[in-house]
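For reference, the structure is listed below as structure tokens.
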Amino acid sequence: MLIVQKYGGTSVGTLERISEVAKRVERAKKSGHSLVIVVSAMSGETNKLIEFAKYFTNTPPRREMDLLLSSGERVTSSLLSIALSAKGIDSVALTGRQAGIYTDNIHTGARIDKIDSAQITQYIKQGKVVVIAGFQGITNNGEVSTLGRGGSDLSAVAIAGSIKADLCEIYTDVDGVYTTDPRIERNAKKINKISYDEMLELASLGAKVLQSRSVELAKKLNVALVTRSSFNENEGTLITKEESIMEKALVSGIALDKNQARVTLRGVKDEPGIAAKIFNKLAKENINVDMIIQNIGLDGVTNLGFTVPKDEIEEAKRVMSKLNASELLEFDPKVVKVSVVGLGMKSHSGVASKAFDTLAKENINIQMISTSEIKVSMVIDKKYGELAVRALHEAYHLDK
Ligand code: ADP
Ligand code: ASP
Ligand code: MG
């Protein structure tokens, strides 16, 4: 088989861990598979580099950030290739550029435009294990770009799609996808199979076990995707088509997104074009707006609320202040978003009201609500985030 294996930060977090990964790769190679390995930076490394930059300014130029952040994955890819060659395994390490990963020019949040996999394929034909630095690519102007936090998952899926791999395995520090973050709820259960759509919701709503864009792409390219642990041999979770899941759970999981901040504008003029003006401006600066809420106006003015990723709040403040608005602006970084996700919601009512009931019983105030066919999301005070996850997990009997 042709297999893409991706190893996350904790899986390559120390030299001993890289050595363990080399052993796993050796086993797969010896059983006759062709292998492309995608690696993340050592755990904590990307955060450390971001902190380094923040020593100088809260809004470092995004181009320079890309050059800085891409270095973490270069370290692990070259070290893993060195570890493999020390074992007598023929291997080659490639940067994003060398692997032919072309992106748009949105620095720190680039999208992959195309992959020119000729080089990768050539090395595979020569029997080499190809080790690729995840999370990075190259723009048309030859600039280094990165794919957003957790982006090595996306690198792996995109490469798997482009070389038509039989399987894409995402190795991490938990056994697979759970009903909620097992670090928050000890009774969380591992899910054996989950649909692309449910996984996509869970991932976009904070379950960082897979990066959301990687799931989106896996669905689009029909990549067979498995998440599993690099610390044991347990079977992982298969992310697959809805049709191949016999028993559709009413609720599959609960997600918590801590990277949220609420922006409120009070006294906005209730007239055509106001929302367009604000959100166009934010979109132009690549700030991801979510959960927009506007009230029915009174006396010609209204309130407008929305959330942005917390790590984009400084940029959001900068953009909003340039709007010369007379409105009252409020930024609240002390919020989280908790969500309930499940395919069964399509055909059953009462899921949302149960979520509201559950939070009410815990005396947790809901600040914002948004729903889709298969999810209910609520913005609440940060200090109740984990409590809400545990209460909802129990309310839908996910521990059973
Ligand atoms: P990696 O460094 O391997 O990419 P991440 O830290 O990005 O790993 O993702 C794995 C982590 O995701 C787990 O350690 C776990 O705490 C967290 N997580 C959040 N939600 C879930 C979930 N529903 N199932 C499994 N893990 C989850
Ligand atoms: N190292 C990057 C990050 O921490 C990419 C990744 O780990 O997937 O976000
Ligand atoms: Mg990750």
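The values are calculated or read from the model by the stated rules, or taken from the named source; none is laboratory data. Predicted, not measured: the structure shown is a model, and the values here were computed from it. In this analysis, Cβ positions are derived from the backbone assuming ideal geometry, glycine residues included, and neighbour counts consider all displayed protein chains.
Just to be sure I understand, how many residues within the range 112-157 are outside any strand (DSSP E or B), aliphatic (A, V, I, L, M) and in contact (Cβ under 8 Å) with a residue 60 or more places away in the chain? Give the steps one after another, and end with the answer.
Taking the range 112-157 as the starting set, the residues that turn out to be outside any strand (DSSP E or B) are 116-128, 134-135, 140-143, 147-157.
Checking the rest, the ones that are also aliphatic (A, V, I, L, M) come to 118, 120, 124, 147, 154, 156-157.
Next, from what is left, pick out any that are in contact (Cβ under 8 Å) with a residue 60 or more places away in the chain: 120, 124, 147, 154, 156-157.
Total satisfying the criteria: 6.
Among the residues of the range 17-26, at least one is within 19 Å of I159 (Cβ to Cβ), within 14 Å of ligand 1 (Cβ to nearest atom), β-branched (V, I, T) and touching a residue at least 40 places away in the same chain (Cβ under 8 Å).
Quick one: which of A249, A188, A207 is outside any helix (DSSP H, G or I), closer than 17 Å to Y396 by Cβ and within 16 Å of ligand 2 (Cβ to nearest atom)? Explain how you work it out, then say what you get.
Details: A249 fails: within 16 Å of ligand 2 (Cβ to nearest atom); A188 fails: within 16 Å of ligand 2 (Cβ to nearest atom).
Among A249, A188, A207, only A207 is outside any helix (DSSP H, G or I), closer than 17 Å to Y396 by Cβ and within 16 Å of ligand 2 (Cβ to nearest atom).
Give the residue that is farthest from I120 (Cα to Cα), with candidates limited to residues of the range 80-97 that are touching a residue at least 24 places away in the same chain (Cβ under 8 Å) and assigned to a loop (DSSP other than H, G, I, E, B). The residue in question is K87. Those strands (runs of 3 or more DSSP E) of the range 283-344 in which 2 or more residues are of a type in the set (D, E) occupy 328-341. Residues considered: G142, G134. Of these, the only one that is of a type outside the set (K, R), more than 16 Å from S229 (Cα to Cα) and either more than 12 Å from ligand 3 (Cβ to nearest atom) or over 15 Å from the mean Cα position of the chain (by Cα) (or both) is G142.
Just to be sure, is V130 of a type in the set (A, V, I, L, M, F, W, C), within 16 Å of ligand 1 (Cβ to nearest atom), at pLDDT 95 or above and under 21 Å from L35 (Cα atoms)?
Values: of a type in the set (A, V, I, L, M, F, W, C): yes; within 16 Å of ligand 1 (Cβ to nearest atom): no; at pLDDT 95 or above: yes; under 21 Å from L35 (Cα atoms): yes.
It is false that V130 is of a type in the set (A, V, I, L, M, F, W, C), within 16 Å of ligand 1 (Cβ to nearest atom), at pLDDT 95 or above and under 21 Å from L35 (Cα atoms).
Only residues that are among the basic types (K, R) and either surrounded by fewer than 15 Cβ atoms within 10 Å (Cβ to Cβ) or at pLDDT below 95 (or both) were counted across the range 224-246, and they come to 1. Applying the criterion of being touching a strand residue (DSSP E or B) at 6+ places or on another chain (Cβ under 7 Å) and assigned to a helix (DSSP H, G or I) to the residues of the range 158-184, the residue that is farthest from S339 (Cα to Cα) is S162.
Yes/no per residue for (1) surrounded by 17 or more Cβ atoms within 10 Å (Cβ to Cβ); (2) part of a loop (DSSP other than H, G, I, E, B); (3) not β-branched (V, I, T):
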site	(1), (2), (3)
F356	no, no, yes
L359	yes, no, yes
I364	yes, yes, no
I369	no, no, no
S377	yes, no, yes
I380	yes, no, no
Y384	yes, no, yes
H393	yes, no, yes
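Mind checking whether some residue in the range 254-263 is of a type outside the set (V, I, T), out of contact with any Gly (no Cβ under 8 Å at 6 or more places or on another chain) and part of a helix (DSSP H, G or I)?
Let us first name the residues in the range 254-263 that are of a type outside the set (V, I, T), namely 255-262.
Checking the rest, the ones that are also out of contact with any Gly (no Cβ under 8 Å at 6 or more places or on another chain) come to 260-261.
After this cut, where a residue has to be part of a helix (DSSP H, G or I) as well, the list is none.
Checking the range 254-263: not a single residue is of a type outside the set (V, I, T), out of contact with any Gly (no Cβ under 8 Å at 6 or more places or on another chain) and part of a helix (DSSP H, G or I).
So, of the residues in the range 181-196 that are charged (D, E, K, R) and buried (at least 19 other Cβ atoms within 10 Å of the Cβ), which turns out to be nearest to ligand 1 (Cβ to nearest atom)?
Quick first cut of the range 181-196, residues charged (D, E, K, R) only: 181, 183, 185-186, 189-190, 193.
Now narrow it down to the ones that are buried (at least 19 other Cβ atoms within 10 Å of the Cβ): 181, 185.
On the way: D181: 3, E185: 9 Å.
Out of the qualifying residues, it is D181.
Here is the figure for the range 197-212: residues that are among the β-branched types (V, I, T) and either in contact (Cβ under 8 Å) with a residue 40 or more places away in the chain or surrounded by fewer than 21 Cβ atoms within 10 Å (Cβ to Cβ) (or both) total 0. Residue pairs whose Cβ atoms lie under 6 Å apart, separated by 6 or more positions or on different chains, with the first residue in the range 51-73 and within 25 Å of L94 (Cβ to Cβ) and away from ligand 1 (no atom under 16 Å from the Cβ) and the second in a helix (DSSP H, G or I) and not aromatic (F, W, Y), are L68/L49. Within the range 6-39, take every residue that is under 20 Å from A165 (Cα atoms) and within 14 Å of ligand 3 (Cβ to nearest atom) and give me the one that is surrounded by the most Cβ atoms within 10 Å (Cβ to Cβ). If we take residues in the range 6-39 being under 20 Å from A165 (Cα atoms) and within 14 Å of ligand 3 (Cβ to nearest atom), then V39 is surrounded by the most Cβ atoms within 10 Å (Cβ to Cβ).
Confirm whether S77 is over 20 Å from the mean Cα position of the chain (by Cα), buried (at least 16 other Cβ atoms within 10 Å of the Cβ), of a type in the set (S, T, Y) and part of a helix (DSSP H, G or I).
Values: over 20 Å from the mean Cα position of the chain (by Cα): yes; buried (at least 16 other Cβ atoms within 10 Å of the Cβ): yes; of a type in the set (S, T, Y): yes; part of a helix (DSSP H, G or I): yes.
Yes.
Please determine whether any residue of the range 48-60 is closer than 20 Å to A156 by Cα and either buried (at least 16 other Cβ atoms within 10 Å of the Cβ) or more than 16 Å from ligand 2 (Cβ to nearest atom) (or both). Checked against the condition, which is being closer than 20 Å to A156 by Cα and either buried (at least 16 other Cβ atoms within 10 Å of the Cβ) or more than 16 Å from ligand 2 (Cβ to nearest atom) (or both), the range 48-60 yields no hits at all. Check D332 against each of (1) surrounded by fewer than 19 Cβ atoms within 10 Å (Cβ to Cβ); (2) of a type outside the set (A, V, I, L, M, F, W, C); (3) under 23 Å from L200 (Cα atoms) and name the one condition it does not meet. Result: D332 fails condition (3) only. Are any residues in the range 144-168 crowded, with 24+ Cβ neighbours inside 10 Å and within 12 Å of ligand 1 (Cβ to nearest atom), and if so, which ones? Those that are crowded, with 24+ Cβ neighbours inside 10 Å and within 12 Å of ligand 1 (Cβ to nearest atom): G151, S152, D153, L154, S155, A156.
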